[in-house]
Structures are given as structure tokens and as C-alpha cells.
1. Let me make sure I get this right: for segment 208-247, a, b and c are the square roots of the gyration tensor eigenvalues over alpha carbons, sorted descending. Under 1.5 in a/c it's rounded, otherwise prolate if a/b > b/c, else oblate. Which is it?
2. Assuming a ≥ b ≥ c are the square roots of the Cα gyration tensor eigenvalues, decide whether segment 202-356 counts as rounded (a/c under 1.5), prolate (otherwise, with a/b larger than b/c) or oblate.
3. Report the calculated FRET efficiency for LYS227 and ASP89 (r = Cβ-Cβ distance, R0 = 30 Å), to the nearest 0.05.
4. Between MET250 and GLN412, what FRET efficiency follows from the Cβ-Cβ distance if R0 is 56 Å, with the result rounded to 0.05?
5. Any chance you could run the full-extension gain for ALA277 through LYS77? It's 0.36 nm times the residue separation minus the Cα-Cα distance, nm to one decimal.
6. Return the distance in nm (one decimal) between the two label points of a simple spin-label model at ILE257 and GLU311, each offset 7 Å from Cα along Cα→Cβ.
7. Is segment 157-219 best put as rounded, prolate or oblate by its Cα gyration tensor, with a ≥ b ≥ c the root eigenvalues, rounded for a/c under 1.5, and otherwise prolate when a/b is larger than b/c, oblate when not?
8. Rank these for me by crowding, LEU144, LEU189, going from fewest to most other beta carbons within 10 Å.
Amino acid sequence: MAKEANVKNLVLTHFNFTNVDEDATSAEIRKNYIGKILYAKDLMVLPLENEVHSHNGISHSHNNEHLPEIKNSSKEKLSLQNEVSITEDKKNGVRIIKSNAIPNHTVGQFPTKGNPNTITEQNKEYSIDLTPTLANKITYVYDLGIDKGRPSYVFGVAINGVKFEPSANEYFRNIETNEPNYEWTLEPLSEEVNLGEDYNNAHVQPNGEYHYHGTPSGLVANFDKNKMTLVGWAADGFPMYYKMGYKDPMDANSGVIQLKSSYTLKQGERPGNGVSAPNGIYSGKYVRDYEYQNNYGDLDECNGRSGVTPEFPNGTYYYVVSDEFPSASRCFMGTPSNDFKIGGGRNQTQQMQNQPRQREEKTNENTPPSFTNMLKRMDANNDGKISKSEAKGNIKENFQNRDKNKDGYITQNEMKRRN
């Protein structure tokens, strides 16, 4: 009933002398309701959250104190079963992917403080070109280019039917007016950006759809490291492979190597003033912190290349899902299907992006990452600091800049510099 009435805050009251199992109660309510659940004794205290924002155009909070902290080690087995079918319609020249968007592997714990949404079954259907060709121009997943703007396309769908959506509707915000600066889009895979993602680099949208922002760890866990393995299909019809490829792209007998992205972190500091645009060192917090360097790695601007593959022995263009930035590509070499257009297409792949995000006046996107949370994820020997061998993701890539005293460790004081 709360869901049908579009209720945003559900308040459950009880007497002071009554004990309520809030976790169990919330779990049952989450089956039909995705808004805030507030527990109060005699309505004397209402634990209302202050920080509210949106991604995917739906306002929600990342400060739900009654929900558990998400942990990368958390692995929950879903009661829902994965359903996916991938067929070829040669008459119409399309590959058809139907899915309930339920992953075929364990996931993180949802809902959580970082992502108060529950995974639910979807009814997804995508049609992509069966024989794609390279287009005359590149199409970007963002509406302003390769590294900025609002999300425009979902990139693709994995072989298990879960979509790859590398973009996020999150930006630097003017610390005086709270207006978003679309030139500075937050990078979802950064250690400095908390979107409540689990160990699969995935989380849940308000409509209950689970989706990947980067490497789907649970899906690729059993992939043979000595083989080139298909991981999904891009919106333009070209295949996606997980990080491994032939040493000679045109020779399937040349051995398999880990393919390297051609993106690197920029050197120096951002040009902003810290008010209307971000300043501080390039750390990977924003998509624009990275730049493409031609021939730096094995892959092109769209994190792909042409060559033979197990599924295409005569050769094709293909994308690579890499563990490092950009992971899933941020652009298309072919022409993407409208089924992947954000805010449109057959199944409304993502809610509309235009609802403004609301925050407390004193909150801004330059807040440094929580060092406590970083220690939970990286501090293997529990010494209260992070060594280069322990560092992960953007912190590892930006280790030299963060390690201000060059002692080989990052401490809490060294993380206090604003970005």
C-alpha cells in the first residue's frame, strides 16, 4: 500500500518497553517498498536522514542508519533465479537478449546504508545488430563526450542478462549554489565515490534493477585465465571479452595475454577553484581525471580492438572489460541500439536523469574518502595504514601523489587533502 501511494517515509512506531526486530521487519517490508523505513518509540524521536541525493533521477538517501554497512566481502545468495536467453533472429538481422536481470552469482548485501534498494526481477529485452559495422563517428555513453556530461547510454549486457552501466548521474556541485557541474562527472569505480557498490562493482537502482559499473567479479570468477572469454554484448552489437586476448590480435595461436587499457591518470592538479569546479590532484574521483594516450596500452579509446576471437574466428571488432579504468567502455565504435538509450528504448533502461539532487547546504563533493572504510577494504595487516601492495583501485594508481612523505604508506593525515 505504501508503494502504491508513493510514500517516501514509512514511520513505524512502538512503545518504549517494546522490543522490535528492526532488521527482520525491514527485510519483509523491502519486498514491496523501497523508500525510507523509520523506527520511532512513541513518536518521541524520528531518525530522519538529512543527506538526500539522486542517481538515475530518483532521490534517495545514502545515510540510512538502520541499514547495515556494505562490505566487499559480503556475499549473499539470492533466492531469485537467473533467467536469460540469447537468440539470433537472422531474418531481421538482430541478436535478441531477454532477461530478468537477476545475476547468476552471489551479490553484496542489499539494502544497505550506501544503497537502500532491494534487488527485484525485471522484464528486459534488448535487440542488437547481429552483424555490426564500425560507424563513421564514435558515440559516447555521456551526452557531452568521452569524459563528461549526463548518462546517455547503457553500454551493454552481460551473458547472464545483467546490464553494464558504467556511467553515474553524479557530479561536482558548486559549494555555494549546489548546482551540478556537468563537466565534472564523478567516476563510480573511484574509492572516493560511494554509491553502495558490492564486490561485483554493482549496486541496485531504485526500481530494483541490479547492474554492473565495472568488472563483475562473481561472473568472471571461474573464467579460465588462459582463454579469451566472452563476457557480454555491447549495445552496438559487438562482443565484449574479459581482459584476456591473443598476443597477436589476428593469430589465435599466439598465446593469451592480459590486455592493457590506454588510459592513465593525468599528472598535476585540476584547474578548478574548488567552488564551481573541483581543484586538487587528479586522483580518479572524476572521469576527467583520466586521459587516453594513443598506443599506451593494447586498446583504443573505446577500450577495444579488432582481431580474431573464439566466437569470431574470421575477426571482428570487440570491447574489453578491464580491471583498471575504464573497465566497461565509455563509448561505441558502432551504432548503439535504442534499447540501450537511457530514458527511452523498449524497457526504459534507466529512469530519467533530470531530477535535481538535494543535499545539506554544507555538503559538497570534495569531501575526502572515509579512511576508516578504506582500512576495512585494504588494510590486510591491520596496522592502521595502507601500503602500496595493499592499495586498490584509484588509490593504488594515485599512490605516489597520496604518499606525501614518501615512506611507502598512506596514512589518515595524508588523505585529508581536499580534492
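Laboratory data are not the source of any read-out in this text; all were calculated from the coordinates shown. Small disclaimer: the values here were computed from a predicted structure and weren't measured. Every residue, glycine as well, gets a Cβ built from its backbone with ideal geometry; the counts of neighbours run over all protein chains shown.
1. Numbers: a/c = 2.85, a/b = 1.33, b/c = 2.15.
In terms of gyration-tensor shape, oblate.
2. Cα axes put segment 202-356 in the oblate bin.
3. On the way: r = 28 Å, r/R0 = 0.95.
Plugging the Cβ-Cβ distance into 1/(1 + (r/R0)^6) gives 0.60.
4. With a Förster radius of 56 Å, E is 0.65.
5. Difference between extended and current length: 67.8 nm.
6. Modelled inter-label distance: 2.4 nm.
7. Working: a/c = 2.60, a/b = 2.25, b/c = 1.16.
Here segment 157-219 falls in the prolate category.
8. Exposure proxy ranking, most exposed first: LEU144, LEU189.
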